[in-house]
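Novice: Can you keep this structure in mind? I'll have questions shortly.
Here, each number is a calculation from the coordinates, and none is a lab measurement. The structure presented is a predicted model; accordingly, all values stated were derived computationally and were not measured. Note that each Cβ is placed from the backbone with ideal geometry, even for glycine, and that neighbours are counted across all protein chains shown.
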Amino acid sequence: MGRRLACGPAPQCPCRDRDNDGVKEILPEIEAWKKDGERVVVATVVATRRSAPRPIGTSLAISESGKMCGSVSGGCVESDVFENAQEVFRTGEPKLLSYGISDDLAWSVCLPCGGEIDVFVEPVE
């Protein structure tokens, strides 16, 4: 999984407060970034278990310059998804990430709601 970070708020972005940040909702930002010549990675919630913070299909777009739009967890795992997106930019290979409640909350990425999510991170062509 990437670097382990403590739970905390996600960086703010202009479209973060939407009800369901699916790809449709973040597409205008993706298109604008691509038009500006940036590479883009999209992270999408592909599975949830128990009390997950966001539904399946919720997405987060990350530009190569570090801009973010959307959310996959409401703030707890976005920093780790961002770190993993940097690897996807480097390798071009998608990644499947899994997050849930941790026994050692001080040193891991976690979902304090007790749920679990799987997030697929892939480059946008």
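Novice: Search the structure for amide H atoms under 5 Å from the amide H of A47, placed 1.01 Å from N in the peptide plane, and list their residues when 5 or more places away or on another chain.
Specialist: Correct list: D118.
Novice: Once you place label points 7 Å from the Cα toward the Cβ at E125 and Q86, how far apart are they in nm?
Specialist: 2.7 nm
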